[in-house]
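The values are calculated or read from the model by the stated rules, or taken from the named source; none is laboratory data. Treat the numbers as computed from the prediction; the structure is a model and nothing was measured. Don't worry about glycine lacking a Cβ; one is built from the backbone with ideal geometry, like all the others, and counts go over all protein chains shown.
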Amino acid sequence: MISGIGASLAGLAAFEKKVSVAANNIANSNTAGYKRTESVITDDGSGLPELTLKRDDTPGPLVQEADGKLSEQSNVDLAQELTQTMVAQRGYEANLKALQAQNNMLGKALDILV
């Protein structure tokens, strides 16, 4: 049961960081030249979730400035970031529910022993 608690806590940490990365991308979506950070939750080899971060170097759209120069805008897709935020929120909630269920089971086990 303790390993289940550890897995739930690792999941909570991974999804919390995923929301943070998406929030940072959204906050910088109007910053010229900003490159979004992609976050993917993977297995760390021992069965626990791990967040992998990678910078997305695809070019953003080019916009012509008033002086005639072209400037590259951010490559952040707000629809994709908001979707990632919702997925991360649901993952966080699922891990929280699992942690609460494990807490209840441990409480019942202690009640039986006492």
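A compact table of results
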quantity	calculated
Verdict on residue 68 being over 23 Å from residue 4 (Cβ atoms) and surrounded by 15 or more Cβ atoms within 10 Å (Cβ to Cβ)	no
Some residue of the stretch 96-113 being among the acidic types (Asp, Glu), exposed (fewer than 15 other Cβ atoms within 10 Å of the Cβ) and in contact with a Pro (Cβ under 9 Å, 6 or more places away or on another chain)	no
Count of residues meeting criterion [touching a Phe, Trp or Tyr at 6+ places or on another chain (Cβ under 9 Å), surrounded by fewer than 19 Cβ atoms within 10 Å (Cβ to Cβ) and at pLDDT 95 or above] in the stretch 20-55	1
Restricting the stretch 33-79 to residues that are among the β-branched types (Val, Ile, Thr) and in a loop (DSSP other than H, G, I, E, B), the residue that is farthest from the chain's Cα centre (by Cα)	58
Positions within the stretch 56-114 being acidic (Asp, Glu), modelled with pLDDT of 95 or more and more than 23 Å from residue 30 (Cβ to Cβ), in sequence order	93
Unique match (being touching a residue at least 60 places away in the same chain (Cβ under 8 Å) and either touching a Lys or Arg at 6+ places or on another chain (Cβ under 6 Å) or not β-branched (Val, Ile, Thr) (or both)) among 80, 102, 64, 73	102
The stretch 11-51, residues that are over 29 Å from residue 75 (Cα atoms) and in contact (Cβ under 8 Å) with a residue 40 or more places away in the chain	47, 48
